[in-house]
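Heads up: the structure comes next, in structure tokens.
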Amino acid sequence: MPSLPRLLLLVVMTCVTGLGCTRTTPSFCGQPDDPPCPEDSVCVEARCVAREQLPACALGQTRCEAACVDTHSDAFHCGACGTACAEGQVCSQGRCTDACAAGLTQCERACVALESSTASCGTCGTACGSRESCDAGTCACEPPLAECDGACTDLGSDGNNCGTCGNGCGSRLCQDGECVNACATGLRRCGQGCVDVQSDPFHCGTCGTGCGSGEVCVGGHCRLDCPVGSVECDGTCANLTSDARHCGACGRACGPGQVCTRGACACPSGQAECDGQCVDLRTSTQHCGACGRACTPDETCTNSRCQCAAPLVLCAVGCVDLSSDPRNCGTCERVCATGLVCSNGLCALP
């Protein structure tokens, strides 16, 4: 009986020569009768391919099986691989919704920022190539990538362009710009290169998963590269000392009209907090001069005092119109005689 390696070799030779090769051979996939691909491999064009052999996706895209997708906008992989939105919904910022968030453009069922989306860069459907980023609606190589033969590549891990464009490693691997026989401890083979999936922005966590522009790979997860003094909160960089949406801590939002000062919510200078809202006591008709001191419907608040709204004037009975009030005609408490009306401040026959 032939040994196991020799038996496998015979199977391969049989398939190559076309003698009895069937689709149930483990290297085939994609058909109902085909067995699943082995662990750490995916089905690409009806063949099982090891994940480490797959090329890198465009920046900001995640590999879901054989496809590179943007989980922030892909309706079939919304937020995570395999999470599909219901019919009629779109994927906006990694969530299934009925409409795109403000500032995003709907491209079929995807909500994208045309100025930065690698799947729709500049216009819907204009996809950037592998390892490209979309900047101001134009695809370009993301530093420190270099362009070799019209494609973006990492000279530190590209087996065909190792160290310099055109320098191929053949059957060897590219590590830190040099050809090696095997990857060093702690590094993983992705394609023909050796990378650290814990920190490599083009292979973050898994081979082919690229972080977006402005992101870094930390512990195998893409994170925003926030400037000094700010932190990541809900996918944005926030200054906890001054951001009213994240005041003092991520998610701690200030109330209506409040500002964030030194990490604490407060009303702007010249305003006071009344019933949870910031108001100007000098002009608020509901809080004139003090919280809860409301003016009447005929009054306005001026310099923290309720005053009759022009052309009304204050008389003993309240705010009146001296030009037409028969009990205060022309001046307060001047009452017109029976049968007369007040017209333009004078008592006259109707």
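Since every read-out is calculated from the coordinates, none of them should be taken as a lab result. Because the structure is predicted, anything quoted here is derived from the model rather than measured. Note that we place each Cβ from the backbone using ideal geometry, even for glycine, and neighbour counts take in every protein chain shown.
From largest to smallest, what semi-axes in whole angstrom does region 157-262 give when each is the square root of 5 times an eigenvalue of its alpha carbon gyration tensor? Don't skip to the answer; put the middle values down first.
Numbers: eigenvalues 359, 26, 18 Å².
After scaling each eigenvalue by five and taking roots: 42, 11, 9 Å.
Under a 5 Å amide H to amide H cut-off, with H placed in plane at 1.01 Å, what residues pair with residue 57 once short-range neighbours are removed?
Under 5 Å from the amide H of residue 57 lie the amide H atoms of 208, 209, 210, each far enough along the sequence or on another chain.
Given the Cα-Cα distance of residue 108 and residue 165 and 0.36 nm per residue of separation, how much length would full extension add, in nm?
16.7 nm
Counting only other residues whose beta carbon sits under 12 Å from that of residue 224, what net charge do I get with K and R as +1, D and E as -1?
-3
At a Förster radius of 45 Å, what calculated FRET efficiency corresponds to the Cβ-Cβ distance of residue 198 and residue 266, to the nearest 0.05?
Taking R0 as 45 Å, the efficiency between residue 198 and residue 266 is 0.60.
Quick one: 199, 171, fewest Cβ neighbours within 10 Å first, how do they rank?
Fewest-to-most Cβ neighbours within 10 Å comes out as 171, 199.
In nm, to one decimal, how far is the residue 182 label point from the residue 332 one, both placed 7 Å along Cα→Cβ?
10.2
For residue 253 and residue 280, what does the FRET efficiency come to when R0 = 22 Å and r is the distance between their Cβ atoms, rounded to the nearest 0.05?
Taking R0 as 22 Å, the efficiency between residue 253 and residue 280 is 0.50.
Return the whole-Å distance between the Cα centroid of region 246-325 and the Cα centroid of region 165-235.
The two parts, judged by their Cα centres, are 56 Å apart.
Using the beta-carbon distance between residue 135 and residue 291 and R0 = 45 Å, what value does 1/(1 + (r/R0)^6) give for FRET efficiency, to the nearest 0.05?
Details: r = 51 Å, r/R0 = 1.12.
FRET efficiency, residue 135 to residue 291: 0.35.
Note down the magnitude of the dipole of the chain about its Cα centre, charges +1 on Lys and Arg C-beta and -1 on Asp and Glu C-beta and zero elsewhere, to the nearest 20 debye. Walk me through the numbers on the way to the answer.
Details: 20 positive and 37 negative charges, 130 e Å.
Its charge dipole is roughly 620 debye.
Between residue 348 and residue 216, what is the label-point separation in nm under the 7 Å Cα-to-beta-carbon projection?
Between residue 216 and residue 348, the label points sit 8.3 nm apart.
Show me the ranking of peptides 313-320, 200-207, 158-165, 76-83 by mean Cβ neighbours inside 10 Å, starting with the highest.
200-207, 158-165, 76-83, 313-320
If amide hydrogens are placed 1.01 Å from N in the peptide plane, which non-local residues have theirs closer than 5 Å to the one on residue 176?
For residue 176, whose amide H was placed from the backbone, the distant partners under 5 Å are 194.
Could you pull out every residue, at least 5 positions away or on a different chain, whose amide H is within less than 5 Å of the one on residue 44? Hs are placed 1.01 Å off N in the peptide plane, and Pro or chain starts have none.
Sorted by chain and number, the residues that satisfy this are 49.
Net charge near residue 40: determine it from the other residues with C-beta under 14 Å of the C-beta of residue 40, scoring Lys and Arg +1 and Asp and Glu -1. Spell out each step's value before the answer.
On the way: positive: 51, 63, 188, 189; negative: 39, 52, 65.
Net charge around residue 40: +1.
If you build the Cα gyration tensor of the chain and take the root of 5 times each eigenvalue, what three semi-axes come out, in whole angstrom, biggest first?
74, 24, 17
Report the equivalent ellipsoid semi-axes for region 200-350 in whole Å, largest first, defined as the square roots of five times the eigenvalues of the gyration tensor built from alpha carbon atoms.
65, 16, 9
Determine the principal axes of the Cα atoms in region 42-148, then give the extent along each, sorted from largest to smallest and rounded to whole angstroms.
39, 33, 18
In whole Å, largest first, what are the principal axis extents of the Cα atoms in region 107-146?
So the three principal-axis extents are 33, 17, 11 Å.
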